[in-house]
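A short worksheet on the structure shown next.
Since every read-out is calculated from the coordinates, none of them should be taken as a lab result. None of the values given here were measured: they were computed from a predicted structure. No Cβ is skipped: glycine too gets one built from the backbone with ideal geometry, and neighbour counts run over all protein chains shown.
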Amino acid sequence: MNSLDLILMSIRNLWRRKLRTSLTILGVIIGTSSIVLMLSLGFAMNLNLENSMKRWGDLSVIEVWPNYSKMTSNQEQPSISEEEIAQLETLSNVEMVLPQLSLYVPAVVGKYKGYIEIVGITPEAMKALGYNVGEGRELNKDDRMVMIAGTQIPMMFEKIGASNRGRMFGGWDENQEAPFEMLNQIVKISFDQSYGERNAPKPVVKAPRPTNVMVIGMMEDKNYETNYRCYMPVESVKKLILEQKEYELKVREANGEKISKNRNSKELTYQNVKVKVQDVHSVDSVLEQIRNLGLEAYSMSDGLKEVKNMFKGIQMVLGGIGAVSLLVAALGITNTMIMSIYERTKEIGIMKVIGAILTDIKKMFLIEAGMIGFLGGLAGILISLLISFLLNRFGSGGLLGNLFGPPEEGVKTYVSVIPLWLLGAALIFSSLIGMIAGYFPARRAMKLSALSAIKTE
């Protein structure tokens, strides 16, 4: 018999026993949908984690800092030199090296005072890091004393004379309304910690005149890294840092501290460097190269990888639960095929007598078992897709959504995620399970004695 005849005969045999076939297929449906849905919960955990971590920073950005572990008690604080920055730029798969210059300063806007972190950046660096402006305009090459503020910066200010004397270390309510609109405001920056306060003590050394900085833009509220920082042209930040260093040296000297002879040095040191990698898959190799240079490095993808490894264990447990259902379904297929052999013993004997090839008899039973697995798997993945849609549609905002990822504003939380490859794998796997479950009954049918099979009533 050719393959088409075998397939048609198998379909007829399954159709003759519709109830038994349907119940067996139902077992495969339950097993397949169970394993797909269980694995989809694990995939949803991974996706929710990745989406949340992207809000904390770019996964393709590596933070680099000096190796503090080798510093002795008498040694000055280590820093990253210009030579080391040049070495970082030569590493393979590195798109951009961004030395970080930042300072913390008191700032006054009208009747409000706060403490802000200012980071020096270039327009090219903002684009590479994916820092987008939500309101106002972006930085230009010709800009000097202007800044783009994070969305939470206004919350760091409070009225001068209030009990907290500025929110230097937070403690504010993020849901509280901002005291003023930051965009287009003039921010007065000073190095005197008491600047702007009423009845402030007279400073030991008179601080330089406050620097006026215009807020030309507000960052998008999509990245925690940018929400709490202000960004200025890097040359302006360099100027402010040098002025701050000079002022602090004068204060230390006025307080009787001995200052080294190089106190007027204009050299800037870097405590932190960002390395933008060409793609996320190259992060591990670049991390290894950086550490070989004697520097410390960390990427958000490191933390993501650690948590994903933990989630893999959860996925294995969830997949195992689904696999048990599929194993039970396989036993059901085996039982169905064995019962079919007992009921069709005489038919098998006649087929042998009229010259049917033994392998054809074996193939017929394997095809029947494979069809049960295939049809059950196909129906199972369709049901899985429906349940997955319902879970994401109605369960993401409730208890299930909280279990599989804390809800965050602007971040979609998934309860179930089914990749296409999982659907294909589930269909192939269920078909194979069906054929494997039918293998031994098929061999039994092939080995039946033709004479004794014909005598069977």
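Worth pointing out:
- Amide H contacts under 5 Å for Y270, placed H, 5+ residues apart: I80
- Applying 1/(1 + (r/R0)^6) with r as the Cβ-Cβ distance of N199 and L327 and R0 = 60 angstrom yields a FRET efficiency of 0.15.
- Built amide H within the under 5 Å cut-off of G134, gap 5+: M218, M219, E220
- Whole-Å distance, taken between Cα centres, linking segment 410-429 and segment 186-259: 51 Å
- Selection from N227, L240, G130, by position along the positive dipole direction of segment 101-269 (Cβ): L240
- Under Karplus coefficients 6.51, -1.76 and 1.60, residue-wise ³J(HN,Hα) of segment 230-242 in Hz, glycine/proline x: 10, 10, 10, x, 4, 5, 5, 5, 4, 4, 5, 5, 5
- Under 5 Å between amide hydrogens, built in the peptide plane, is the criterion, and for N67 it picks out E296 among residues at least 5 positions away or on other chains.
- Calculated from backbone phi, Karplus (6.51, -1.76, 1.60) coupling profile of segment 6-13 in Hz, x at Gly/Pro: 4, 5, 5, 5, 5, 4, 4, 5
- Across the cross-link table entries K274/K308; K111/K188; K113/K274; K188/K239; K206/K245; K363/K447, which are compared at the Cα atoms, the separations over 19 Å belong to K274/K308; K113/K274.
- Residue-wise HN-Hα coupling along segment 273-280, computed from phi with Karplus coefficients 6.51, -1.76, 1.60 (Hz; x: Gly, Pro): 9, 9, 10, 8, 8, 4, 8, 4
- Packing-based exposure ordering (other Cβ within 10 Å, fewest first) of D302, D143: D302, D143
- For segment 201-315: rounded, prolate or oblate by the Cα gyration tensor [a/c cutoff 1.5]: prolate
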